[in-house]
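Enquirer: One structure, pasted below without further comment.
The values are calculated or read from the model by the stated rules, or taken from the named source; none is laboratory data. Worth saying up front: this structure is predicted, and the values here are computed from it rather than measured. Every residue, glycine among them, receives a Cβ derived from its backbone with ideal geometry; neighbour counts consider all protein chains shown.
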């Protein structure tokens with residue numbers, strides 16, 4: 001990918017941090033310059049704003065965080081069943097390692113985000129605005145980009161089982177690092193316009209592309 005199409009990402013430069021443990025109710029909280037953890041099975045951080053901080057422990061079962069705002073934040077080894085963060089804003093965020101069952105970021109805005117080495121069962125970015133985002137070494141069950149607008153988004157050394165691109169808009173979606181051999185389902189193959197794939201991927205995806213374009217591939221009569 002040329003320089004103009006590569007994600008423009010940079011890790012946050014965090015100041016010295018002070019340890020802080022949030023309780024189960026952190027709605028509308030404002031947190032900055034903290035080494036943040038939750039020692040709870042479930043917690044709520046609806047409308048919270050977290051900046052210049054590192055999250056070291058998420059609730060083990062569920063974090064409800066609609067309209068969450070993250071700015072210059074590191075999320076280290078998250079382990080949780082469900083992170084509900086629709087209509088959230090992520091800017092200058094790095095998520096590294098760990099496992100998330102469901103990450104619902106539908107309708108969210110992600111800008112300058114790196115997701116590295118994370119296992120995610122279902123990543124919902126449906127109807128989101130996703131720009132300057134890179135996924136590196138991730139294992140994702142379903143990656144849902146239906147209706148999303150993507151700009152300078154790249155997957156590197158990633159395995160995705162189901163990919164939903166229906167009604168996706170935007171340019172510079174680099175799929176060259178996606179293991180399409182293990183792709184079970186591709187929805188919205190007609191929305192691959194503006195993506196970058198390899199010659200081998202084009203060959204492997206040919207049947208799906210043919211179906212999307214309603215092309216019938218028939219054997220030659222001998």
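Enquirer: Quick check on this structure: which one of 80, 150 is surrounded by 20 or more Cβ atoms within 10 Å (Cβ to Cβ), closer than 24 Å to residue 40 by Cα and either in contact with a strand residue (DSSP E or B) (Cβ under 7 Å, 6 or more places away or on another chain) or at pLDDT below 95 (or both)?
Expert: 80
Enquirer: Here is a follow-up. Only strands (runs of 3 or more DSSP E) wholly contained in the stretch 117-206 count here; list those with 3 or more residues that are more than 25 Å from residue 81 (Cα to Cα).
Expert: In the stretch 117-206, the matching strands (runs of 3 or more DSSP E) lie at 149-156, 169-174.
Enquirer: For residue 16, state whether it is outside any strand (DSSP E or B), surrounded by fewer than 16 Cβ atoms within 10 Å (Cβ to Cβ) and without any contact (Cβ under 8 Å) to a residue 40 or more places away in the chain. Break it down into steps so the answer makes sense when it comes.
Expert: Details: outside any strand (DSSP E or B): yes; surrounded by fewer than 16 Cβ atoms within 10 Å (Cβ to Cβ): yes; without any contact (Cβ under 8 Å) to a residue 40 or more places away in the chain: yes.
Considered against the rule, which asks whether it is outside any strand (DSSP E or B), surrounded by fewer than 16 Cβ atoms within 10 Å (Cβ to Cβ) and without any contact (Cβ under 8 Å) to a residue 40 or more places away in the chain, residue 16 comes out as yes.
Enquirer: Answer yes or no: is there a residue in the stretch 46-60 that is out of contact with any helix residue (DSSP H, G or I) (no Cβ under 6 Å at 6 or more places or on another chain), in contact (Cβ under 8 Å) with a residue 24 or more places away in the chain and more than 26 Å from residue 121 (Cβ to Cβ).
Expert: Checking the stretch 46-60: at least one residue is out of contact with any helix residue (DSSP H, G or I) (no Cβ under 6 Å at 6 or more places or on another chain), in contact (Cβ under 8 Å) with a residue 24 or more places away in the chain and more than 26 Å from residue 121 (Cβ to Cβ).
Enquirer: Now, a different point. Quick one: how many residues across the stretch 167-176 are surrounded by fewer than 17 Cβ atoms within 10 Å (Cβ to Cβ) and at pLDDT 85 or above?
Expert: Residues flagged as surrounded by fewer than 17 Cβ atoms within 10 Å (Cβ to Cβ) and at pLDDT 85 or above within the stretch 167-176 amount to 3.
Enquirer: Here's something else I'd like to know. What residue, among those in the stretch 191-222 that are modelled with pLDDT under 85 and closer than 28 Å to residue 8 by Cβ, is surrounded by the fewest Cβ atoms within 10 Å (Cβ to Cβ)?
Expert: 193
Enquirer: OK, next. Would you mind stating whether residue 115 is in contact (Cβ under 8 Å) with a residue 24 or more places away in the chain, within 25 Å of residue 66 (Cβ to Cβ), surrounded by 19 or more Cβ atoms within 10 Å (Cβ to Cβ) and touching a strand residue (DSSP E or B) at 6+ places or on another chain (Cβ under 6 Å)?
Expert: no
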